[in-house]
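Read the figures in this text as sums done on the coordinates, not as results from a lab. This structure is a prediction, so every number in the text was calculated from the model and none was measured. When we count neighbours, we look across all protein chains shown, and the Cβ atoms used for this are built from the backbone with ideal geometry, even at glycine.
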Amino acid sequence: MKRLLTAAVLALCAAPAIAQDKAPRTLFTHVRIFDGVHEALLEDANLLVEGHLIARISTDEIPAEGATVIDGGGRTLMPGLIDMHAHLMHTELPYDVLLEADLIYIAIVQGQAAERMLMRGFTSFRDVGGPTFGLKRAIDEGRIAGPRIWPSGAMLSQTSGHGDYRSRAHDLPGLPGREPHFTESWGWMAIADGRPAVLRATREQLMKGASQIKMMAGGGVASNYDPLDVVQYTEDEMKAAVEAASAWKTYVAVHAYTPEAIRQAIRAGVKSIEHAQLIDEETVRMAVEADVWLSMQPFLDDEDAIPFPEGSENRAKLLQMTRGTDAAYELARKHGARIAWGTDVQFDSGLAARQGKQLAKMTRWFTPFEVLRMATSGNAALLALSGPRSPYREGPVGVIEEGAYADLLLVDGDPLATIDLIAEPERSFDLIMKDGVIHKNALE
């Protein structure tokens, strides 16, 4: 009896090792590898995935008995794409539907949107505002398909700021002890005025699992009560958020268009400026000296613009903002600023479906290689600012190297030569893998 118990204990102790030995393996053969860093492709290469990490890359044959073999046939293997400015919980549903729907319905619909994003080749994104913690958990547990998410939680806004969606007629004055607006109670916004309230709101998002903090530092286009040129929050209030985030070894990103709003944010210690369309040369230099990221979007008055009614204040603010986009990119490039790419799609399923096209349009300012590097290893460098608050710490994303997460796209063609392949993922992406799991395989 004693020998049987000893054998049972030994078997249980050995179980993890046995499970590890049986980690699924996938071998890609005869692929051209764009590693997300270098312009030159690694020709006729082989790559082995073990579990959810890249185990080996070689131009020699890789022994891999029992592995699933994918013959790339000369196709391009590249890292999964990264969108640095997304709002998953209000990406596709129209604004008027969000106002009247319950949170369960919204989560189900946007969960489906997460899978569509993955099928467009986006294996990671930074969510810069919204109640995505539950969806992120469901994705990470494998209950639904979707990209990796670096969540911010509720966006911090001052009263009358870009995140204050209360009604002027029915919700003011905001007296102490007031009932929270549904955008607050559901986790989209955190209206916080004064250092103590900002500290509390920041710490609450970190408690929920935020990998970084998002704050409104200036006026917005879609919001109704704040002109584009206003500076939001005092420098001390913003420093409070930075101090709380820094104590958790992460950073603050802010919504800001104008030089005044951006400069105050930089002085407060913010590390990522979202948008920056109206930035001037002096402020770009300031951002470069402080090693602050400009997380920008290719906003133009084109088919991808939010269709605000002609003559509306929102339409006027959109035109003012988009007129600065060309100059902002040119200044950022001229001074060697650290530039990230994102979409900021909101309330529009049609625009969400054009996510890859919004990446391809970046060739207006950059070479195809620069664009693809920005959307892979470049964006991954900004994600890394979350440090120990990053939800995914076993390996890097955005690159193809040994030890990196196996988030991979097999492209029918060379996206460095024909970047429009990125704009047509349903036709161009023959295989999509995230975390070592194949989600699409058109080669079968």
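Along the stretch 357-367 the Karplus relation, 6.51 cos²θ - 1.76 cosθ + 1.60 evaluated at θ = phi - 60°, assigns HN-Hα couplings of 5, 5, 6, 4, 5, 5, 5, 4, 10, 9, 6 Hz to successive residues, with x for each Gly and Pro. Taking amide hydrogens as placed 1.01 Å from N in the peptide plane, the amide H of ILE191 sits under 5 Å from those of SER157, each at least 5 positions away in sequence or on another chain. In this structure, the amide hydrogen of LEU172, modeled 1.01 Å from its nitrogen in the peptide plane, lies closer than 5 angstrom to no residue at least 5 positions away or on a different chain.
The slack in the chain from THR159 to GLU281, taken as 0.36 nm per residue of separation less the alpha-carbon distance, amounts to 40.9 nm.
What the Cβ-Cβ distance of THR363 and GLU402 gives, at R0 = 30 Å and to the nearest 0.05, is a FRET efficiency of 0.45.
Annotation: the antiparallel percentage among DSSP beta bridges lying fully within the chain is about 45. Using only Cα atoms, find the angle between the long axis of helix 195-208 and the longest principal axis of the chain, and express it within 0 to 90 degrees, rounded to the nearest 10. Tilt relative to the chain: about 20 degrees. Model label points for THR418 and HIS170, set 7 angstrom from Cα along the Cα-to-Cβ axis, are 5.3 nm apart.
A cut-off of 5 Å between modelled amide H atoms, ignoring neighbours fewer than 5 places along the same chain, links ARG126 with ASP83, MET84, HIS85, ALA86, TRP150.
Of GLU330, GLU310, GLU394, the residue with the greatest mean-square motion in the GNM of the chain, using alpha carbon springs below 10 Å, is GLU310. Against the chain, whose longest principal axis comes from its Cα atoms, helix 103-119 is set at around 50 degrees. Between ASP96 and ARG178, the FRET efficiency estimated from the beta carbon spacing at R0 = 25 angstrom works out to 0.50. The phi-based Karplus calculation (6.51 cos²θ - 1.76 cosθ + 1.60; θ = phi - 60°) puts the 3J(HN,Hα) values of the stretch 131-147 at x, 9, 4, x, 5, 4, 4, 5, 5, 4, 7, x, 6, 9, 8, x, x Hz, whole numbers, x for Gly and Pro. Other residues lying with their Cβ under 14 Å from the Cβ of ILE144 contribute a combined charge of +2, Lys and Arg counting +1, Asp and Glu -1.
Grab the beta carbon distance between ASN441 and LEU300, set R0 = 35 Å, and tell me the FRET efficiency rounded to 0.05. The formula returns an efficiency of 0.50 here. Taking all Cα pairs closer than 8 Å and separated by 6 or more residues, the relative contact order of the stretch 81-365 comes to 19 percent.
The residues packed around ALA55, meaning those with a beta-carbon under 9 Å from its beta-carbon, carry a net charge of 0 if Lys and Arg are +1 and Asp and Glu are -1. Scalar couplings 3J(HN,Hα) for the stretch 307-319, obtained by applying the Karplus form with A = 6.51, B = -1.76, C = 1.60 to θ = phi - 60°, are x, 5, x, 4, x, 7, 5, 5, 5, 5, 5, 4, 5 Hz; x denotes Gly and Pro.
Think of the stretch 262-394 as a dipole: +1 on every Lys or Arg Cβ, -1 on every Asp or Glu Cβ, centred on the Cα centre; then among GLN277, MET296, THR376, THR376 lies furthest on the positive end.
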